[in-house]
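As structure tokens, the structure follows; a few thoughts come after it.
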Amino acid sequence: MSHPAAAALSAGFDDPVFDAQASFRAAMWALARPGRVERLDARLAPPAPLLPEAAALALALCDYETPIWLDAPLAAAPAVGAFLRFHTGAPIVEEPGAARFALIADPRGLNDFTAFPQGSPDYPDASVTLILQVESFGKSDLVLEGPGIKGTAGFGAAPLPVDFVARMAANRALFPRGVDLLLAGAGGVAGLPRSVFVKEG
Amino acid sequence: MSAQATSSMPRSSMPDITYNFAYLDEQTKRMIRRAILKAIAVPGYQVPFAAREMPMPYGWGTGGVQVTAAVLGPKDVLKVIDQGADDTTNAVAIRGFFEKTARVATTTATADATVIQTRHRIPETALNENQILVYQVPIPEPLRFLEPRETETRQLHALAEYGLMHVKLYEDIARHGHIATTYAYPVEVAGRYVMDPSPIPKFDNPKMDDCPALQLFGAGREKRIYAIPPHTRVHSLDFEDHPFKVQHFAKPCALCAATGVYLDEVILDDKGGRMFVCSDTDYCNTRQAQGHVGELGVPAEDAA
Ligand SMILES: [Zn+2]
């Protein structure tokens, strides 16, 4: 790699083509089967506090067409923005309202969903995808229902915003507008698309 | 831009030509993949995407080919069907295209495939939760024949205003005594969007409902991608006094004796001789190999 900044940056995918495909497929099944944790074998060592799983999703899905917004802990680490810009070509934006992807290292401090693009009635797809970094999955204290789920499914991840169920209910009420969530960490990714109903277990 | 290198195919002994894996460049695949994710999040909604020219004519399912190219990985096993058959020119060409550009394994057996690209049919063998069914779609907009203006149809979808579609189906009933639409029969997905299921026979519509597989739809000419997640309610539009009904066949398959499957008419001679056989050739062949014999079939052990 001849780019002058390359030496200072953490490496991207070993195999840009197949690692991107595998990361996409994990995200695809995650959104297609809400709450089911898909294995995401992220062979990356991104700068802290960016997790390998979140970095893999960003590298697989982002490019110059998709502005990325970083939450405070990620924005406070200049190496994170440099890593993402270098490996994806995506602009890092200050305004959450301009983002197509948002990376959230601290889900407890997550902005209100309404700060992000939620699509329009004519183009509901013109909305953000939020990538929330989580430490763990398990302890099914939530119950999910909706497309992609046979009956209902239990789900749990931590950390999440304290008012998570209320936020997801408000998001569902906007359907077909709304934001879509990918929860990444602990070797996996789970999806909570806007179509899902989330209730306390 | 450093990380966007293309994978150098082939990896072994073929001539030293660099292909993009599955033909499309990485930027195009990313764009299509993002469209697929949004399509899954909003079931039945048609996501616009910047379709690329493919090295085949539009009628050959370039939309489906692009979706397949975007999802396909080296471990996939691909099946391609056209009107239920694996051996038509179209199916053979698309299968060959991915064998060459992605070097994936291919199969004709529905149960062995992880990705199935289809034109005009859903396989008779029940799909499973690890499969992706990719439909080739010629005209994605179910309201197109009722309202030609894209800005208008977009608004009708935004408002879930599907009265026009019901009026059209009801006019059928007034004229013919029943709903005359037999292909591309419109469905409502997850209680919200009305969607064109592509020109499959309405016989196949019930297979879309609560299907364990992921269903993706690609329209190349009109540049739209849409999706039905697994286990999603797919309801064929109908009326209380005229409930949705599938085609019914009077006789079983002439070759394998299957019932409850979609049959094609085959002309046998120029004196009006004809038979009805499974449109799904893999299903029919498998049954014949298992020993099922229809009235014009030959027992498997006697076959040449
Ligand atoms: Zn048969």
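No value in this document is a laboratory result; all are computed from the given coordinates. Note that this is a predicted model, so its numbers are computed, not measured. Here the Cβ positions follow ideal geometry from the backbone for every residue, glycine too, while neighbour counts run over all protein chains shown.
Structural remarks
- Neighbourhood net charge (13 Å Cβ-Cβ; Lys/Arg +1, Asp/Glu -1) for B:N20: +3
- Under 22 Å of direct C-alpha separation, and excluding same-chain neighbours fewer than eight residues apart, A:K139 reaches these lysines: A:K150, A:K199.
- Annotation note: GluC sites (Glu not before Pro) in the stretch A:32-102 located in DSSP loop regions with a Cβ neighbour count of at most 16 within 10 Å are A:E65, A:E94.
- The coefficient of translational diffusion for chain B, derived via Stokes-Einstein from the alpha carbon Kirkwood radius under 20 °C and 1.002 mPa s, stands at 104 µm²/s.
- Considering only the stretch A:12-200, percent of DSSP beta bridges that pair antiparallel, nearest 5: 55 percent
- More than 24 angstrom apart: percent of Cα pairs within the stretch B:13-165: 39 percent
- Reachable lysines, given that their alpha-carbon falls under 22 Å from the alpha-carbon of B:K29 and they are not under 8 places away in the same chain: B:K38, B:K75, B:K79, B:K100, B:K223
- Based on DSSP H segments of at least four residues, each scored -39500 (n - 2.57), chain B has a per-residue ellipticity at 222 nm of -7500 deg cm²/dmol.
- Largest-first ellipsoid semi-axes for the stretch B:253-304, taking √(5λ) over the Cα gyration tensor eigenvalues, angstrom: 18, 14, 8
- Principal axis box of the stretch B:151-222, alpha-carbon based, largest edge first, Å: 36, 31, 27
- Principal axis dimensions, largest first and in whole angstrom, of the stretch B:88-215 by Cα: 49, 32, 29
- For chain A, the spread of Cα positions along the three principal axes, ordered from largest to smallest, is 52, 31, 28 Å.
- Take each residue of peptide A:120-132, count the partner chain Cβ atoms within 10 Å of its Cβ, and average: the result is 4.
- Calculated from backbone phi, Karplus (6.51, -1.76, 1.60) coupling profile of the stretch A:76-85 in Hz, x at Gly/Pro: 6, 10, x, 5, 5, x, 5, 4, 5, 4
- Counting all C-alpha pairs of the stretch A:1-82, share separated by more than 16 Å (%): 57 percent
- The mean sequence distance of close C-alpha pairs (under 8 Å, at least 6 residues apart), as a share of the length of chain B, puts its relative contact order at 18 percent.
- Taking all Cα pairs closer than 8 Å and separated by 6 or more residues, the relative contact order of chain A comes to 24 percent.
- Averaged over A:180-191, number of beta-carbon atoms from partner chains that fall within 10 Å: 1
- For the protein assembly as shown, the Kirkwood hydrodynamic radius from C-alpha pairs, put into Stokes-Einstein at 25 °C and a viscosity of 0.890 mPa s, yields a diffusion coefficient of 102 µm² per second.
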